[in-house]
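*Asks:* The structure that follows is given in the form of structure tokens.
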Amino acid sequence: MATQEASQVKRDLEVLTDTRPDDVSLPAFMVSTTRGFLPRMEPIVDLPSEFDVVESLLTRMPVKTLSGAPGLLASGALGDAVHDELSDLTDQVEKYKDNLPLVNALYRDYSFLASAYLLEPCHMKFVKGEGYGLAREVLPVQLARPIARCAELCGFKPFMEYAGSYALFNYRLVDPALGLEYSNLRLIRAFEHGLDPSSSEAGFVLTHVAMVKHSGPLISGVTTCLRTISEPSPDRRVFNSGLQEILTALRQVNTVMETMWSVSKPRSYTSFRTFIFGITSQSMFPNGVIYEGVGDGSPQHFRGESGANDSMIPLMDNFCQIGMPDTPLTEILKDFRSYRPGDHRQFLEWVKEESIDRGVREFALASNATDEDREPVLESRRLWLKIVNQVRDFRWRHWCFAREYILKQTSHPTATGGSPIVTWLPNQLQAVMEDMVEIYDSFGGKTGNLGAECDDIMDLVERQRDGLRKEVRKYCAERGVPDHA
Ligand code: HEM
């Protein structure tokens, strides 16, 4: 299905092989075997002239502007500038409603202004070492109405999101001919020092982009497996080639992830992070936020920008049917699934259903296989375990990030997406490791003939499982939080 151009996998959902970058009637974010979860085209940088004031505010906004001079957020002057200079441009947004990539750029830009406006007082307190204090709790009409309309047109929440705004629609290419090479990437918008490509803010965001660049083969591998298994007599060798494609892509994703340590410094993260917090579960917003001129005026709650809304790991969770425990923490994971482009959401749901309905996991692990198909079956099992191991590797490195960039830097209890910082990531990491142990044990552990590489992986899992339990217990005791991990 996915190998034909723009093949239909479900009504309204297409997995593209040609992303049709010039077609402005389609949403910027779809799913393709070439650009994966990245937008169909490079993000739009320039806004139409009706939005010159928006552009001007965003250019002058960062703590350090492109010229190196201090910007509006350096002195807490953004709020006044928004009130003095910006009018409600919702009618101008309306003029572009048939150009979805452009509306997506407007959504990105209004979401940067909205988050900076709301969280500016917290930034001013934080840099003085006084904690976050309280954020502004009313979003004025000139920000509230346009962001609400752009979000509605693009299918996002009216608050900064990971894909549609902060990360995946926020890079530009210095030289279009060099494409997505890391050194060729720059941020379009930034809060702190991010317009300087060597800054930690730029490194943080661009590492996400550089990882998602490898998501095309992930989608291609998953669709190959699902297509193969739907056939009357599935060809295991083709199925294994799909698994191999997934494994290779995940290894690339994890290799790029490791570069985070050098391009974004642990000590710098908490200073630009202030602006990407959400409203949900944050002490800065005890009463939510009122969007002036929108809806019935009741306070709104949205989660903040977070890599938790990236689609690569959720894709693997769904494809591999990794079971999550029945805990309140898993409810947060489910809630995160709604903070992403509509096509990503639909694709993830489709993969989840197909994987279960077609019995992908049973086929890959083939517990009832006979001797004659022994080698290809062993290969499926090995590949499967190695794929889940890459998910573990991602989540383990991620836990290390959380420890070094957050736990060692601040006592604030919730992450930008509103999850509890000590227990949430371990909730999923432990689940992945339990899943691996279950798979490995079902084949008799070391007697299962999966080979030395798989045996070594499982030795590591044993050590990490115990280490993680102890570490989480220690942080929970130190911080007085219940231990769910
Ligand atoms: C310095 C680097 C990073 C830090 C400090 C960090 C921090 C966090 C935190 C605290 C969470 C918990 C959710 C929440 O926001 O409430 C989270 C979740 C997540 N982040 Fe990151 N992140 C980093 C880099 C990345 C990168 C590069 C990616 C790549 C796409 C990523 C993808 C994810 C995913 C997939 C989750 C959900 C994890 C799960 O399902 O178990 N993160 N991140």
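The values are calculated or read from the model by the stated rules, or taken from the named source; none is laboratory data. Since we're looking at a predicted model, the values are computed, not measured. Neighbour counts run over all protein chains shown; Cβ positions are idealised from the backbone, glycine included.
*Asks:* Does Leu460 fit the bill of being assigned to a helix (DSSP H, G or I) and closer than 30 Å to Ile276 by Cα?
*Replies:* Working: assigned to a helix (DSSP H, G or I): yes; closer than 30 Å to Ile276 by Cα: no.
The answer is no for Leu460.
*Asks:* Within the set of pairs 6 or more residues apart or between chains, which connect a residue that is within 13 Å of Trp424 (Cβ to Cβ) and hydrophobic (A, V, I, L, M, F, W, C) inside region 395-407 to a residue that is near the ligand (Cβ under 9 Å from one of its atoms) and part of a helix (DSSP H, G or I) with Cβ atoms less than 6 Å apart?
*Replies:* Trp399/Leu425; Trp399/Leu429; Ala402/Leu425
*Asks:* Which numbered condition trips up Glu379, out of (1) farther than 23 Å from Gly307 by Cα; (2) in contact (Cβ under 8 Å) with a residue 40 or more places away in the chain; (3) outside any helix (DSSP H, G or I)?
*Replies:* (3)
*Asks:* Does Ile290 meet the test of being in a strand (DSSP E or B), closer than 30 Å to Gly79 by Cα, at pLDDT 95 or above and of a type outside the set (Ser, Thr, Tyr)?
*Replies:* On the way: in a strand (DSSP E or B): yes; closer than 30 Å to Gly79 by Cα: yes; at pLDDT 95 or above: yes; of a type outside the set (Ser, Thr, Tyr): yes.
Yes, satisfied.
*Asks:* Of everything in region 24-65, what is touching a strand residue (DSSP E or B) at 6+ places or on another chain (Cβ under 6 Å), of a type outside the set (Gly, Ala, Ser) and within 18 Å of Ile219 (Cα to Cα)? Give them in sequence order.
*Replies:* Result: Met30, Val31.
*Asks:* Hey, any hits in region 279-300 for a residue that's among the hydroxyl-bearing types (Ser, Thr, Tyr), closer than 30 Å to Met436 by Cα and either near the ligand (Cβ under 10 Å from one of its atoms) or over 18 Å from the mean Cα position of the chain (by Cα) (or both)? If you could, list the steps in order and put the result at the bottom.
*Replies:* Going through region 279-300, the residues among the hydroxyl-bearing types (Ser, Thr, Tyr) turn out to be 280-281, 283, 291, 298.
With closer than 30 Å to Met436 by Cα added as a condition, the list becomes none.
No, because not a single residue in region 279-300 is among the hydroxyl-bearing types (Ser, Thr, Tyr), closer than 30 Å to Met436 by Cα and either near the ligand (Cβ under 10 Å from one of its atoms) or over 18 Å from the mean Cα position of the chain (by Cα) (or both).
*Asks:* Pairs please, first residue from region 348-361 and more than 19 Å from Gly36 (Cα to Cα) and modelled with pLDDT of 95 or more, second anywhere and crowded, with 17+ Cβ neighbours inside 10 Å and β-branched (Val, Ile, Thr), Cβ atoms under 7 Å, 6+ apart in sequence or on different chains.
*Replies:* Arg358/Ile229; Val360/Ile229
*Asks:* Follow-up. Identify the residue in region 221-240 that is within 21 Å of Gly36 (Cβ to Cβ) and of a type in the set (S, T, N, Q) and, among all such residues, is surrounded by the fewest Cβ atoms within 10 Å (Cβ to Cβ).
*Replies:* Filtering region 221-240 for residues that are within 21 Å of Gly36 (Cβ to Cβ) and of a type in the set (S, T, N, Q), the one surrounded by the fewest Cβ atoms within 10 Å (Cβ to Cβ) comes out as Thr228.
*Asks:* Hey, among the residues in region 394-415 that are in a loop (DSSP other than H, G, I, E, B) and among the hydroxyl-bearing types (Ser, Thr, Tyr), which one's surrounded by the fewest Cβ atoms within 10 Å (Cβ to Cβ)? Outline the logic, then answer.
*Replies:* Step one: list which residues in region 394-415 are in a loop (DSSP other than H, G, I, E, B), which gives 408-413, 415.
Narrowing the set further to residues that are among the hydroxyl-bearing types (Ser, Thr, Tyr) leaves 410-411.
Working: Thr410: 15, Ser411: 10.
Among those residues, the one meeting the criterion is Ser411.
*Asks:* Mind telling me which of the residues Ser283, Ser306 ends up being buried (at least 20 other Cβ atoms within 10 Å of the Cβ) and hydroxyl-bearing (Ser, Thr, Tyr)? Talk me through it step by step, then tell me what you get.
*Replies:* Numbers: Ser283 fails: buried (at least 20 other Cβ atoms within 10 Å of the Cβ).
Residue meeting the stated conditions: Ser306.
*Asks:* How many residues, within region 409-446, are touching a residue at least 24 places away in the same chain (Cβ under 8 Å) and in contact with a strand residue (DSSP E or B) (Cβ under 7 Å, 6 or more places away or on another chain)?
*Replies:* Of the residues in region 409-446, 3 are touching a residue at least 24 places away in the same chain (Cβ under 8 Å) and in contact with a strand residue (DSSP E or B) (Cβ under 7 Å, 6 or more places away or on another chain).
*Asks:* Take region 404-427 and flag every residue that is small (Gly, Ala, Ser) and more than 9 Å from the ligand (Cβ to nearest atom). Walk me through it before giving the result.
*Replies:* Initially, region 404-427 is screened for residues small (Gly, Ala, Ser), giving 411, 415, 417-419.
Matches in region 404-427: Ser411 only.
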